[in-house]
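Only the coordinates and a few stated rules stand behind these numbers; no lab work does. For clarity, every value in this text was computed on a predicted model and none was experimentally measured. When we count neighbours, we look across all protein chains shown, and the Cβ atoms used for this are built from the backbone with ideal geometry, even at glycine.
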């Protein structure tokens, strides 16, 4: 399966590498040129046990690429959104601007049957709001939310072999 991962920070880089390790063709997309350069070189911009090996293997296999060009998401059947949701300045609320920007930039590249999967931690109601946006702009695409349960130091293992699956 062809997969795009939008956002290549801690969550996205681990997810992209793990999905490629499992045999999928994956393109990791991020707006940060420096981060993409490091990942292309097989160097994670943070430490996570096992990631360097999985990342290097996936790159060498040709199943994993990284880019800053969101248009490279076109052709993927599944699009994971794994961008940050920091606390908003002067508020207790989450700043959803990165999630909104990622989904908005992806919309022109969606095709019928594509699945957009949110991985970021978001407040209640966010998925419904984004589902409406996807339905309006890409009516034959779908949205699901699959929050991540990663433990630092175990992220690669938790992604490749999760101890639980939550759905509903």
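Need the C-alpha centroid separation for the range 14-52 versus the range 64-134, integer Å.
Answer, in whole Å: 18.
Computed over the Cα atoms of the range 1-83, what is the ratio Rg over Rh, Rh following Kirkwood?
Computed over Cα atoms, the ratio is 0.91.
Limiting things to C-alpha atoms, what are the Rg and the maximum Cα-Cα separation (Dmax) for the range 2-160, in angstroms?
Radius of gyration, then largest Cα-Cα span, for the range 2-160: 15.0, 45 Å.
Any idea how far apart residue 101 and residue 160 come out in nm if each label point goes 7 Å out from Cα toward Cβ?
Computed distance between label sites residue 101 and residue 160 equals 3.3 nm.
Over the Cα atoms of the range 78-156, Rg to Rh with Kirkwood Rh, two decimal places? Intermediate values should be presented prior to the final figure.
Values: Rg = 13.3 Å, Rh = 13.3 Å.
My calculation puts Rg/Rh at 1.00.
Would you calculate the separation in nanometres between label points at residue 53 and residue 93, each defined as 7 Å from the Cα along the Cα-to-beta-carbon direction?
4.5 nm
Counting only helical runs of four or more DSSP H residues, what would the 222 nm mean residue ellipticity of the chain come to if each run contributes -39,500 (n - 2.57) and the total is spread over all its residues?
So the helix-based figure for the chain works out to -10000 deg cm²/dmol.
Could you give the length gained on full extension between residue 46 and residue 152, defined as 0.36 nm per residue of separation minus the Cα-Cα distance, in nm?
37.1 nm
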